[in-house]
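I have placed the structure first, in the form of structure tokens, so that the comments after it can refer back to it.
The values are calculated or read from the model by the stated rules, or taken from the named source; none is laboratory data. All of these numbers come straight from a predicted model, not from anything done at the bench. Heads up, the Cβs are rebuilt from the backbone with ideal geometry, glycines too, and the neighbour counts pull from every protein chain shown.
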Amino acid sequence: MTSKTSQKIDPHLWRESCLSSESSLHQIAPYIGKMKSTMARTLIETYSSPGDMVCDPFVGSGVVALESIITGRGIIANDINPYAVILTKAKLTPPPTIKEALQRTAFYSNSMKLLTEKMALDKIPEWVKTFFHPQTLQELLALTKILRQNRENFLLACLLGILHHQRPGFLSYPASHLVPYLRTRKFPREKFPQLYEYRPIVPRLQKKIMRVYRRFPNIDPEVPRMCRLADAANLNLPKESIDVVITSPPYMNALDYARDNRLRLWFLGVSEYQRYDKKVPNNCKKFFDLMERCLGNIQYGLRNGGRCVLVVGEVKRTRKSINTAQLIIDVALKKIDGLKCEDIIEDTIPDIRRARRNGACTKRDWIVVLRK
């Protein structure tokens, strides 16, 4: 590990929109509450050096993971949410060229055509069927089955990225892009009949892939990378194997990571999404317990001098603000031997950056830097 001295970070470094400049791999599919790529890169470059091993135990949509390998760092990541793991694996191991990605699409599309007519809809939940034209749904069922069987995470993530929206390039009837709900009031069928017609999957998937490769990063194939479906409380890191941890724990009682991705999770085989949201701490005691177990594993896996950088959000409960940064510091100082608080950086979140605007929750972040 190349040791870096502590330096104060200016949150203005990531205040501006990065959608037109970040790697388009970041935009492969939506994920509520994800970290900005410019924030992730700033933290990675500030607290690590090329060749270091980064760990993100709450990887979400894989922002830290992708920025780590782009900047020449290795990554070990995990999450309890299957959708998060698929997205991260897609970003870590995409086909090296757009030509190869489109060739794979053509190959699996031929297999899809043979399977589509066998996809019966009588056992599909009604709430799922309300989103799609029956023929589109049959194709979706066939293609997702094939891609899952062949572990084609990149193509599967691209498909999930166009699963629902109101635009013609997506697969559903008019719906919200981030959280799945129909927009039939705004787009009644009698006024917008074209939005309720059959939507072929293959041409839309091809165009999605082309958009993903628009700003494709140059990644060293030798950089180590791994993403697991696992609980952050049970990291099982080898002793002193990690140079830095950069992560954002779940925002306590503020976001419903599984509920808001329930349609995508259903196509991944998860019929009861609630069990994942139940694992997200919804009070201070559960958050404290989770972070105690997580930080204990991190302390064991961090090399001496390594840092644990946690981005945590403010939580409002009964009009009272909960300082989650202080909760983490309390865990580190009272429960974990060998970790000390090196820095706390406050970042006010503009309304435009919030997943739910004008809401009561998460109006500022804290970046807590612990050092072993």
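Quick look at the numbers
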{"quantity": "Count of the range 194-244 residues which are within 30 Å of M291 (Cα to Cα) and in contact with a Cys (Cβ under 6 Å, 6 or more places away or on another chain)", "calculated": "3"}
{"quantity": "Selection status of L140, under 18 Å from R262 (Cβ atoms), assigned to a helix (DSSP H, G or I) and not polar (S, T, N, Q)", "calculated": "yes"}
{"quantity": "Contacts under 8 angstrom Cβ, first residue in the range 273-294 being under 22 Å from D337 (Cβ atoms), partner acidic (D, E) and assigned to a helix (DSSP H, G or I), 6 or more apart", "calculated": "F288/D330"}
{"quantity": "Residue that is nearest to C294 (Cα to Cα), among those in the range 68-89 that are more than 11 Å from the chain's Cα centre (by Cα) and assigned to a helix (DSSP H, G or I)", "calculated": "S68"}
{"quantity": "K123 vs. criteria assigned to a helix (DSSP H, G or I) and either within 20 Å of L268 (Cβ to Cβ) or in contact with a Ser or Thr (Cβ under 6 Å, 6 or more places away or on another chain) (or both)", "calculated": "no"}
{"quantity": "Conditions (1) surrounded by fewer than 20 Cβ atoms within 10 Å (Cβ to Cβ); (2) of a type in the set (A, V, I, L, M); (3) within 30 Å of P238 (Cβ to Cβ); number of the one not met by V85", "calculated": "(1)"}
{"quantity": "Selection within the range 294-325 - farther than 24 Å from S48 by Cα and either surrounded by fewer than 21 Cβ atoms within 10 Å (Cβ to Cβ) or aliphatic (A, V, I, L, M) (or both)", "calculated": "V315, K316, R317, T318, R319, K320, S321, I322, N323"}
{"quantity": "Close pairs from the range 337-353: first farther than 17 Å from K8 by Cα, partner at pLDDT below 95 and not polar (S, T, N, Q), Cβ under 7 Å, at least 6 apart", "calculated": "L339/A332; I349/K363; I349/R364; I349/D365; D351/R357"}
{"quantity": "Extreme residue, farthest from P94 (Cα to Cα), among residues of the range 193-218 that are of a type in the set (A, V, I, L, M) and in contact (Cβ under 8 Å) with a residue 40 or more places away in the chain", "calculated": "I201"}
{"quantity": "Residue list for the range 159-205, restricted to those being surrounded by 15 or more Cβ atoms within 10 Å (Cβ to Cβ), closer than 23 Å to Y257 by Cα and of a type in the set (F, W, Y)", "calculated": "F170, Y173"}
{"quantity": "Residue check, E190 more than 30 Å from G306 (Cβ to Cβ), without any contact (Cβ under 8 Å) to a residue 60 or more places away in the chain and out of contact with any Leu (no Cβ under 9 Å at 6 or more places or on another chain)", "calculated": "yes"}
